[in-house]
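Just so it is clear, none of the values below were taken in a lab; they were calculated from the coordinates. Quick caveat, the model's predicted, so the values are computed rather than measured. Every residue, glycine as well, gets a Cβ built from its backbone with ideal geometry; the counts of neighbours run over all protein chains shown.
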Amino acid sequence: MTQRLESGPAWVLALWAMAASFSAYFCMYAYRKPFAAAGFEGESFFGSGVGLKTALVIGQIVGYTISKFMGIKVCSEMGAGSRGRALMVMILAAQGALLAFALLPGSWKVAAMCLNGLPLGMVWGVAVSYLEGRRASEVMLAGLSCSYIVASGVVKDAGIGVMRAFGTSEAWMPFVTGALFLPAFAVSVWMLERLPPPTARDIEERTRRAPMMASERWAFLTRFLPGMVMLLGVYFLLTAYRDFRDNYGVEVFRELGYGETPGIFTRTEVPVAFGVMGCLALISLARSNRVGIGLVFLMMTAGVVLMGAATLAFDGGRVSGAWWMTLVGLGAYMAYVPFGSVLFDRLIASTRVVGTAVFAIYVFDAVGYTGSVGVQLFKDLGASSSTRLEFFRGLTYAMSGVGVVLLGGAYAYFAVRHLRGGAGRG
């Protein structure tokens with residue numbers, strides 16, 4: 001199969017890569033997000049002022065954040081021969097933690113969610129390593145990126161369906177949901193393993209991608225430090241925003257009057273996925289890496305502007321609650337998705353740095369998920385009088401304003417200091 005993909009038409013390889021990566025990461029979400037469909041109403045964390053669901057969310061994010069810090073080294077240094085085996089071990093470990101979640105009592109479930117997040121945080125980096133450094137990377141990464149946009153809503157709907165159809169308890173629902181997705185994940189990994197390496201032409205246009213050791217990682221960061229700091233500020237807020245919308249979507253939709261609407265998550269997330277995929281597909285048409293990275297920044301800036309504009313329209317009664325959630329989701333993912341895919345792929349191609357985009361992605365993820373923990377705690381401890389919906393609206397306005405300023409500054413820095421023109425070569 002690898003030989004057929006290597007010798008066949010480029011579009012066949014792109015479709016295979018998109019299908020394999022989309023499916024693999026989609027299935028990963030079946031081990032990460034179904035628990036968020038449960039309410040755990042009236043339960044607190046060891047009798048404190050922190051709700052049990054908030055503690056569960058934070059516990060998983062803590063494990064996920066630690067995983068991102070580990071991934072800076074592990075994913076940056078991982079060779080091609082270890083990727084498939086690593087993916088299967090990560091998912092089986094996460095499923096084992098969900099079994100512990102089902103068996104442990106009350107507040108002790110938080111420890112299980114922390115263990116669940118530890119392996120899952122590295123799945124993204126391994127998946128990206130299969131796709132980066134190719135002429136069609138944007139298209140392939142678009143498929144991978146859209147997986148988590150759609151998957152987060154679908155697996156929560158699946159979790160609700162498991163409880164309704166089988167009478168499964170909130171404690172056992174995540175484990176049962178994960179078990180249902182395991183065969184599909186194994187097939188997806190097999191498909192990823194069949195992908196041929198980048199061609200000589202890929203390397204010429206997008207730069208050779210290689211594992212990065214500690215000295216190379218440090219040199220990369222210091223070279224781009226001012227721009228990286230501004231981008232980190234945006235990503236810090238974006239990750240917190242996306243996670244809040246994702247983890248407390250059940251509560252926000254309930255306040256908006258959609259609590260009993262079947263498939264509401266799928267209905268609002270599918271248009272978001274297609275919108276983001278369309279934007280990334282347009283960026284892939286730019287052969288010049290300088291133009292390409294300019295389009296990436298334009299996409300991200302348009303996203304944060306859309307978040308603010310949609311909230312103004314919602315406050316003015318011009319859009320419904322469901323459309324508001326769809327539009328702010330589209331804006332958030334337009335800004336968020338490039339950080340995990342095309343932004344650093346294009347940046348490396350343009351500056352001709354030999355390395356891997358996975359390293360930069362994991363530095364950002366480690367910082368971003370730290371911000372997510374802070375926002376979750378601030379809501380329960382510092383803004384407890386606000387409802388989830390009220391807090392989310394305020395967070396949207398803050399994200400929109402700060403995002404425009406920092407993205408503009410970061411693009412100005414890279415455009416003046418580092419980007420080079422020319423089709424294919426940056």
Worksheet item: Hey, any idea what Rg/Rh is for segment 128-174, computing Rh the Kirkwood way over Cα pairs?
Response: 1.28
Discussion item. Within the chain, count lysine pairs with alpha carbon atoms under 17 angstrom apart where the residues are 8 or more positions apart or belong to different chains.
Written reply: 6
Response to the item:
Sites removed, the longest contiguous part of the chain containing no DSSP-loop GluC sites (Glu not before Pro) with at most 11 other Cβ within 10 Å is 42-259
Item to complete: Determine the relative contact order of the chain: mean sequence separation of Cα pairs under 8 Å and six or more apart, normalised by residue count, in whole percent.
Response: 25 percent
Worksheet entry | q = 0.07, 0.12 Å⁻¹, the chain: log10 I(q)/I(0) [Debye, one scatterer per Cα] | -0.31, -0.96
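Could you list W323, W172, W11 so that the one with the fewest beta carbons within 10 Å of its beta carbon is first and the one with the most is last? Show your work: numbers first, answer last.
Working: W323 15, W172 18, W11 10.
Lowest to highest Cβ neighbour count: W11, W323, W172.
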Discussion item. Between S386 and L282, what is the label-point separation in nm under the 7 Å Cα-to-beta-carbon projection?
Written reply: 3.2 nm
Response to the item:
Taking only the Cα positions of segment 85-189, the convex hull volume per residue in Å³ is 102 Å³
Response to the item:
Any residue on another chain or 5+ positions along whose placed amide H is under 5 Å from the amide H of S288 is listed here as G424
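Which trypsin sites (Lys or Arg not before Pro) from segment 276-380 combine a DSSP loop assignment with at most 13 other Cβ atoms within 10 Å? Kindly include the intermediate steps, with their values, before the conclusion.
Numbers: sites: R287, R290, R318, R346, R352, K379; in loops: R287, R318, R352.
Listed in order of number, the matching sites are R287, R318, R352.
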Fill in: Farthest toward positive dipole pole in the chain [+1 Lys/Arg, -1 Asp/Glu at C-beta], among M90, M191, I264
M191
Item to complete: Could you state the orientation-averaged shadow area of the convex hull built on the Cα atoms of segment 1-147, in nm² to one decimal?
Response: 9.7 nm²
Item to complete: Report P(r) for segment 97-153: all Cα-Cα distances, bin width 10 Å, range 0 to the bin holding the largest distance, values in whole percent.
Response: 21, 33, 27, 15, 5, 0
Practice prompt. Any chance you could run the full-extension gain for R417 through F166? It's 0.36 nm times the residue separation minus the Cα-Cα distance, nm to one decimal.
Written response: 84.5 nm
Fill in: Lys/Arg +1, Asp/Glu -1 at C-beta; the chain dipole; positive extreme among S350, L104, L52
S350
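Can you sort M399, M140, M88 by how many other beta carbons sit within 10 Å, fewest first?
Details: M399 25, M140 28, M88 13.
Ordered by Cβ neighbours within 10 Å, fewest first: M88, M399, M140.
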Worksheet item: Of M113, L237, S385, which is farthest along the charge dipole of the chain in the positive direction, counting Lys and Arg as +1 and Asp and Glu as -1 at C-beta?
Response: L237
Worksheet entry | Computed [θ] at 222 nm, helices only, for the chain once each DSSP H run of length n ≥ 4 contributes -39500 (n - 2.57) | -25500 deg cm²/dmol
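Please state, rounded to one decimal and in Å, the Kirkwood hydrodynamic radius that segment 68-115 gives when every pair of distinct Cα atoms enters the mean of 1/r. If you can, show how the numbers build up before the last one.
Numbers: mean 1/r = 0.0815 Å⁻¹.
Hydrodynamic radius (Kirkwood, Cα pairs) of segment 68-115 is 12.3 Å.
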